[in-house]
Amino acid sequence: MSTSGRLISGKEVATHNSRDSCWIIVHGKVYDVTDFLDDHPGGSKIILKYAGKDATEEYDPIHPPDAITTHLKPEQQLGSVDLNTVEKVEVTVSDADKARQARLGQRPSIDEILNLHDFETIAKLVLTEKAWAYYSSAADDEITNRENHAAYHRLWFRPRILRDVSTVDFSTTILGCPSSMPVYITATALGKLGHPDGELNLTRASAKHGVIQMIPTLASYGFDEIVDAAAPGQNQFLQLYVNKDKAITKRIVQHAEERGIKGLFITVDAPQLGRREKDMRQKFDAEDPDNVTTSGQSGNVDRSQGAARAISSFIDPGLNWNDLKWFQSITKMPIILKGVQCYEDALEAYDQGCQGVVLSNHGGRQLEFSRSGIEVLVEVVTKFKELRGITFPNEKFHLFVDGGVRRATDVLKAVALGATAVGIGRPMIYAFSAYGYDGVDKALQILKDEFEMNMRLLGARTLKEVVPEMVDASNIHQHVVAVPGDRLYDSNYESMQSARLKDV
Ligand code: 173
């Protein structure tokens, strides 16, 4: 800090409250953001709302803690403020969000949660509108989002009988790291929108259950805070959004390697963020003066943002195959491309020396009508055998899948078809949004219980015995779910949606 901690009074900060001179306070530090206003990925309006004031509460859930110090020059970091001299800014909370807060106290006991879907039901009730919109939204009409889950309905088991399944073991290794099950917690951004401990809930529960957490580039906690929260020996991966500024990317990658990260998952399906309209609509509130343009006509309101788009402008749309060599030159971590959607690109990744690919469509949040990861898995496995004589699982090149996974049976289908492991994203955020650490702990335990039972019922004692012959995938490329509607069942089944909330 250039003025090495000059103590500034709240009164002085308050005078810098305009576009011409705009200071803000975040976590007790004062920043001169006048020259940064037009560079702020989320726009200048939101900063100007806090000009001369304390912006911490607004800032916290949607920025990694070091975002501000990374973006501002040392001379723009002015010093500290005595918070007692600062007038409190009330963050406006809508009545709907107040009601949601109240519902937190009325959640059913966690003992009532039986499966991963249940967390989503509770999360929808207790999350703020903004958080629910950001987490749950997907591209356009959300067809791919639904297809991700539906695709698993086109795969049916061919179990084996009369095998001694007194003990079953579903542990495995992922990129050389032991894992208690063929599941990892995949990267999802902005954890603090759901719970104050955000991603740290995932770190702690992963440690307890012996699974691997993939740390997102856009976590609400800083990368180091998440690594520091890990237990000794706990393995973590890093999901990377490649910054247009290669120097920043290099620093992030090399720092991750120094901190012991075991795999670099480079996101390759997001040169531009998809339209998540549920998220984008959050920005639009005709009553909100922030949303009225200078012309005063709500018809001109910029609806093009949303939490994700607002903070994604740093991502390099120019990223291409030639950059792989550069990544290989700056790190020895295994490099995995996350977001591969056809066998041609999987083969290219293999030929260029990557250690694997994640067959993924970004949770249905990017290209609408991209196929599900599990469908692409079948294609990739078939083509690698046909064109290269390579079979899976394979220690030299790993296939991962994510999207739509809610049950251990989904994971077992992917493993049978050749996946090393499967990434689970939204269900874990819903778990901590609903119950914090306990939610993630329970979610992982549910998966383990489901694995144990389903391995027995499949007739597989280890994951090696979960083989392609155990799954009938003949229908996977048919984009029709051939399960007839079950009206009698549907009319009697009561989901948690209609569960009664406890009286306060
Ligand atoms: O899916 C996302 O929301 C995502 O990956 C993202 C990308 C940029 C900014 C925030 C989130």
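With respect to ALA231, determine if the residue is over 30 Å from ASP140 (Cβ atoms), modelled with pLDDT of 95 or more and touching a helix residue (DSSP H, G or I) at 6+ places or on another chain (Cβ under 8 Å). When the stated conditions are applied, ALA231 passes them.
Yes or no, residue by residue, for (1) surrounded by fewer than 22 Cβ atoms within 10 Å (Cβ to Cβ); (2) away from the ligand (no atom under 13 Å from the Cβ); (3) within 13 Å of the chain's Cα centre (by Cα):
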{"site": "THR173", "(1), (2), (3)": "yes, yes, no"}
{"site": "THR186", "(1), (2), (3)": "no, no, yes"}
{"site": "THR203", "(1), (2), (3)": "no, yes, no"}
{"site": "ALA207", "(1), (2), (3)": "yes, yes, no"}
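None of ALA96, ALA138, ALA131 is under 29 Å from the mean Cα position of the chain (by Cα), touching a residue at least 12 places away in the same chain (Cβ under 8 Å) and within 25 Å of ILE476 (Cβ to Cβ) except ALA138. How about the range 204-257: which of its residues are of a type in the set (Lys, Arg), touching a residue at least 60 places away in the same chain (Cβ under 8 Å) and under 17 Å from ALA67 (Cβ atoms)? Of everything in the range 204-257, just one residue is of a type in the set (Lys, Arg), touching a residue at least 60 places away in the same chain (Cβ under 8 Å) and under 17 Å from ALA67 (Cβ atoms), namely LYS244.
Every test in (1) farther than 30 Å from LEU127 by Cα; (2) part of a loop (DSSP other than H, G, I, E, B); (3) of a type in the set (Lys, Arg) is passed by LYS385 save one, and that test is (2). Highlighted here are the helices (runs of 4 or more DSSP H) found entirely within the range 395-504 that include at least 3 residues which are at pLDDT below 95: 487-492. The condition of being touching a Gly at 6+ places or on another chain (Cβ under 8 Å), closer than 29 Å to ALA189 by Cβ and not hydrophobic (A, V, I, L, M, F, W, C) holds for only one of PRO108, PRO64, PRO74, that being PRO64.
Confirm whether ASP141 is at pLDDT 95 or above and surrounded by fewer than 24 Cβ atoms within 10 Å (Cβ to Cβ). Judged against the criteria, ASP141 is not a match. Listed here are the helices (runs of 4 or more DSSP H) enclosed by the range 272-365 that have at least 1 residues being modelled with pLDDT under 70 and either surrounded by fewer than 16 Cβ atoms within 10 Å (Cβ to Cβ) or within 12 Å of the ligand (Cβ to nearest atom) (or both): 307-310. Among the residues in the range 9-28, are any over 28 Å from the mean Cα position of the chain (by Cα), modelled with pLDDT under 90 and loosely packed, with under 15 Cβ neighbours inside 10 Å? No, the range 9-28 contains no residue that is over 28 Å from the mean Cα position of the chain (by Cα), modelled with pLDDT under 90 and loosely packed, with under 15 Cβ neighbours inside 10 Å. Candidates LEU488, LEU458, LEU501: the one that is surrounded by 15 or more Cβ atoms within 10 Å (Cβ to Cβ) and out of contact with any Gly (no Cβ under 6 Å at 6 or more places or on another chain) is LEU458.
Just one residue in the set PRO178, PRO182, PRO159, PRO196 is of a type outside the set (A, V, I, L, M, F, W, C), under 20 Å from the mean Cα position of the chain (by Cα) and surrounded by fewer than 20 Cβ atoms within 10 Å (Cβ to Cβ); that residue is PRO196. Considering the range 102-119, and only residues there that are touching a residue at least 24 places away in the same chain (Cβ under 8 Å) and either crowded, with 23+ Cβ neighbours inside 10 Å or of a type in the set (A, V, I, L, M) (or both), the residue that is farthest from ASP449 (Cα to Cα) turns out to be ALA102. Scanning the range 242-267 for residues that are touching a strand residue (DSSP E or B) at 6+ places or on another chain (Cβ under 6 Å) and farther than 25 Å from SER179 by Cα yields a single hit, THR249.
In the range 250-267, the condition of being in a helix (DSSP H, G or I), at pLDDT 95 or above and within 15 Å of the ligand (Cβ to nearest atom) is met by at least one residue.
The values are calculated or read from the model by the stated rules, or taken from the named source; none is laboratory data. If you're wondering where the values come from, they're calculated on a predicted model, not measured in any experiment. Every residue, glycine as well, gets a Cβ built from its backbone with ideal geometry; the counts of neighbours run over all protein chains shown.
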